[in-house]
Ligand code: AP5
Ligand code: MG
């Protein structure tokens, strides 16, 4: 059993398709801490037709980042939930330096901090195939891939039997926009945390379980 505290606060960081969601879901099961995915929360606002969902929709469909303050307020609210009081995995947040600065402020008011940032490194040439072949469950958000992680029954979620769908931003064209956003706005966030010595770089290419073992080793260090 790993030696790190159960109430550890983590950031899973990396480009679109790096495997943040896939790996976070494995750690959630093992460690019983929640995955806080800003992408998943925004998609649920869209489905629910909330004001936030309506404001975010255009940006998301184009592969662009949603304005900082909308996402920061959303995370602020989520961090108050009961299940986030004993550790969590932030997935897809922060992804601008302004969001990282705001997160520091949110955590200071809670006398809390980020303990580790796990950066999944995957080259661009692997990303497009991962994204275009991804399928997600409408009901529970489980992640699949037509080739690399196929469901047992076509278009049906292994976990809950829900219907699988393809995200509107999971096209080759939108992936290029998202990779550009990542390079210009998100990658600098890694340097922000590197200055604190809390970043672990993980090779995100290869077998999903092998990457999970690398990730757990990094947490034990
Ligand atoms: P979000 O949902 O966060 O998307 P993303 O960051 O682009 O990341 P992905 O979810 O695409 O990739 P992932 O790393 O989770 O990969 P996964 O595990 O699914 O954000 C969507 C949009 O919301 C943004 O564009 C923006 O508009 C908005 N947004 C969200 N957060 C925001 C923020 N903080 N600020 C502003 N805007 C924000 O894996 C991908 C595929 O690869 C799957 O099919 C999987 O099965 C497969 N796979 C995984 N691992 C492997 C492996 N080792 N080998 C082969 N295949 C693999
Ligand atoms: Mg994801």
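Go over the candidates 39, 21, 53, 58 one by one and state the one that is more than 10 Å from ligand 1 (Cβ to nearest atom) and part of a helix (DSSP H, G or I). Don't jump to the end; show me each part of the working.
Details: 39 fails: more than 10 Å from ligand 1 (Cβ to nearest atom); 21 fails: more than 10 Å from ligand 1 (Cβ to nearest atom); 58 fails: more than 10 Å from ligand 1 (Cβ to nearest atom).
None of the other options fit; the residue is 53.
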| Among (1) out of contact with any strand residue (DSSP E or B) (no Cβ under 6 Å at 6 or more places or on another chain); (2) closer than 21 Å to residue 135 by Cα; (3) within 14 Å of ligand 2 (Cβ to nearest atom), which single condition is residue 61 missing? | (3)
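I want to confirm something. Restricting to the stretch 141-157 and keeping residues that are surrounded by 13 or more Cβ atoms within 10 Å (Cβ to Cβ) and away from ligand 1 (no atom under 12 Å from the Cβ), which single residue is nearest to residue 35 (Cα to Cα)? Let's see the steps before the verdict.
Initial filter on the stretch 141-157 (surrounded by 13 or more Cβ atoms within 10 Å (Cβ to Cβ)): 141-146, 148-151, 156-157.
Next cut, away from ligand 1 (no atom under 12 Å from the Cβ) only: 156-157.
Values: 156: 23, 157: 19 Å.
The selected residue is 157.
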| note | Here the residues within the stretch 141-166 that are out of contact with any helix residue (DSSP H, G or I) (no Cβ under 8 Å at 6 or more places or on another chain) and touching a residue at least 24 places away in the same chain (Cβ under 8 Å) are 162, 163, 164, 165, 166
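Just to be sure, is residue 76 surrounded by fewer than 20 Cβ atoms within 10 Å (Cβ to Cβ) and in contact with a helix residue (DSSP H, G or I) (Cβ under 8 Å, 6 or more places away or on another chain)? Lay out the reasoning, then the answer.
Values: surrounded by fewer than 20 Cβ atoms within 10 Å (Cβ to Cβ): yes; in contact with a helix residue (DSSP H, G or I) (Cβ under 8 Å, 6 or more places away or on another chain): yes.
In short, yes.
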| request: State the number of residues belonging to the stretch 13-40 that are more than 11 Å from ligand 2 (Cβ to nearest atom) and under 8 Å from the mean Cα position of the chain (by Cα). | output: 2
| Does the stretch 85-103 hold any residues that are over 18 Å from residue 118 (Cα atoms) and either within 16 Å of ligand 2 (Cβ to nearest atom) or surrounded by 18 or more Cβ atoms within 10 Å (Cβ to Cβ) (or both), and which are they? | 102
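When the residues of the stretch 193-210 are filtered to those that are under 26 Å from residue 96 (Cα atoms) and out of contact with any strand residue (DSSP E or B) (no Cβ under 7 Å at 6 or more places or on another chain), which remaining residue is surrounded by the fewest Cβ atoms within 10 Å (Cβ to Cβ)?
In the first step, residues of the stretch 193-210 are kept if they are under 26 Å from residue 96 (Cα atoms); the result is 193-205.
Next, from what is left, pick out any that are out of contact with any strand residue (DSSP E or B) (no Cβ under 7 Å at 6 or more places or on another chain): 194-197, 205.
Numbers: 194: 13, 195: 8, 196: 10, 197: 6, 205: 14.
Looking at residues that are under 26 Å from residue 96 (Cα atoms) and out of contact with any strand residue (DSSP E or B) (no Cβ under 7 Å at 6 or more places or on another chain), I get 197.
Of the residues 164, 146, 215, which is within 16 Å of ligand 2 (Cβ to nearest atom), over 18 Å from residue 96 (Cα atoms) and over 17 Å from the mean Cα position of the chain (by Cα)? Reasoning before the result, please.
Details: 146 fails: within 16 Å of ligand 2 (Cβ to nearest atom); 215 fails: over 17 Å from the mean Cα position of the chain (by Cα).
It is 164.
Just so you know, all these numbers are worked out from the coordinates, no wet-lab data involved. Predicted, not measured: the structure shown is a model, and the values here were computed from it. As a convention, Cβ positions derive from the backbone with ideal geometry for all residues, glycine included, and neighbour counts pool all protein chains shown.
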